[in-house]
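Notes for the one structure printed next.
Bear in mind that the values in this text are calculations on the coordinates, not laboratory data. Worth saying up front: this structure is predicted, and the values here are computed from it rather than measured. No Cβ is skipped: glycine too gets one built from the backbone with ideal geometry, and neighbour counts run over all protein chains shown.
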Amino acid sequence: MPGALLSALPTIDFANFGDGTSEEAREIGQKFFAACRDVGFAYLINTGIPQDNVDEMFVWSAKFFRLPMQTKMKAPHPPEGSKHRGYSGIGVEQVSQMVFDPTELAAIRAKSPDFKESFDIGSPTSPSVENIWIPDEDLPGFKAYCMQFFEICKAFEMNKLLPALAIGLGLERDFFAEYHSLGDNQLRLLHYPEAEAEVFESGKKGRIGAHTDFSTGTLLFQDDCGGLEVESPHQPGVFIPAPPVPGAIVFNIGDFLMRWSNDTLKSTLHRVRAPPRKEGDSGMTRERFSIPYFMSANKEMIIDCLPGCYGPDKPKKYEPINAGEYVNMRLNATY
Ligand SMILES: O=C(O)CCC(=O)C(=O)O
Ligand SMILES: [Fe+2]
């Protein structure tokens, strides 16, 4: 029973969600909504995403990151943060929390660089940004599998996840569909290399600093290394472990949906730390792989406060905003 292994985060079981029209589906939606409102994070189980596909994506990710640097650099991430595609080497991206001032950003980067490398992939039909691939002969099959996995995530998003959220919010099952119809999402392969435990303990290097995600929500697949932590909903500044659970996907709300919901749903701070040393360790902290899939609204959509999230007792806190402008503003601050 996976539930017994989980941390303080709630678990949402999609087994009986079906097409989202049954009474059981309504209950799943309500439970999911409560998790997004109270914690902003949940483990999702029985999503219908086959574990074999997830495992295979991790195999491809490891093959990609093991390529020589000069091969990975055939698909370099452009300097603009908003063109979030291709390979970023160690130290290129520094996650920061709502800091937009260049001097302040430079100071954060210099202090404790996120020790990770990443490869970003978007929809092949994205109207705004094109994918950047290494030549297929350098890793035959890689591009095809990434695209297949992207579609697997998108199917779960469109057929189950967004409908469950809509139902939980008391909206029509398909409410979010037109806002996310273009699937302008981002699949990100992440690799945190191994290093001496001491460099993490002394703060010379970090894995990923505390941050919130920008967009609607994130599906996060992690390997068995551990180290993901989520800010406690009850104690600000206290982080609770979100350990890997076989077969479960971590889900979290992003800032965009928090704003859209008039702060009803929570975009919660999270970070990745090196797992603590264990007796008999060699003094090296092992490498870690993870694969977030960020779900975004179509860039041209203007979003105003979600129906049901405002009223006489809860006035609208935010002006309507264009989805693309919002996300670009956030992305440009990370490069
Ligand atoms: O590597 C992880 O588990 C977390 C990654 C993450 O939070 C992110 O990329 O936004
Ligand atoms: Fe994140």
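Taking label positions 7 Å along the Cα-Cβ direction at both ASP52 and ALA155, the computed distance is 1.3 nm, reported to one decimal.
Here the alpha carbons of region 145-202 define both size measures, Rg and Dmax, at 17.8, 52 Å. Could you pull out the pairs from LYS154/LYS204; LYS160/LYS316; LYS31/LYS63; LYS205/LYS317; LYS83/LYS205 whose alpha carbons sit more than 32 Å apart here? From the list (LYS154/LYS204; LYS160/LYS316; LYS31/LYS63; LYS205/LYS317; LYS83/LYS205), the Cα-Cα distance tops 32 Å for LYS154/LYS204; LYS31/LYS63; LYS205/LYS317. Computing Rg and the Kirkwood Rh from the Cα coordinates of region 274-327 gives a ratio, Rg/Rh, of 1.36. Judged by the mean number of other Cβ atoms found within 10 Å, the most tightly packed of the peptides 323-331, 21-29 leads the ranking 323-331, 21-29.
When only the Cβ of Lys, Arg, Asp and Glu is charged (+1, +1, -1, -1), the dipole of the chain relative to its Cα centre reaches about 620 debye. Highest average first, the peptides 306-317, 47-58 ordered by how many other beta carbon atoms sit within 10 Å of their residues are 47-58, 306-317. Taking only the C-alpha atoms of region 188-320, the Rg (one decimal) and the largest Cα-Cα distance, Dmax (whole number), read 17.9, 60 Å. Ordering ASP19, ASP114 by the number of other Cβ atoms within 10 Å of each residue's own Cβ, fewest first, gives ASP19, ASP114.
Here the chain yields Rg over Rh of 0.94, to two decimals, using C-alpha coordinates and the Kirkwood radius. Ranked for footprinting exposure by Cβ neighbours inside 10 Å, fewest first, ASP138, ASP174 give ASP174, ASP138.
Between PHE239 and ALA8, the distance separating the two model label sites (each 7 Å from Cα on the Cα→Cβ line) works out to 1.4 nm.
Residue separation of ASP313 and GLU23 scaled by 0.36 nm, minus their Cα-Cα distance, works out to 101.4 nm of gained length. Only alpha carbons enter this Debye calculation for region 240-308, each as an equal point scatterer, and the log10 of I(q)/I(0) it gives at q = 0.25 Å⁻¹ is -1.25. Ranking TYR326, PRO236, PHE214 by how far each Cα lies toward the positive end of the dipole of the chain (charges on Cβ) leaves PRO236 at the top. One decimal place: the segment VAL199-ASN332 gains 45.0 nm when fully extended, by the rule 0.36 nm per residue minus the C-alpha distance. Sorting LEU67, LEU219 from the fewest to the most surrounding beta carbons within 10 angstrom yields LEU67, LEU219.
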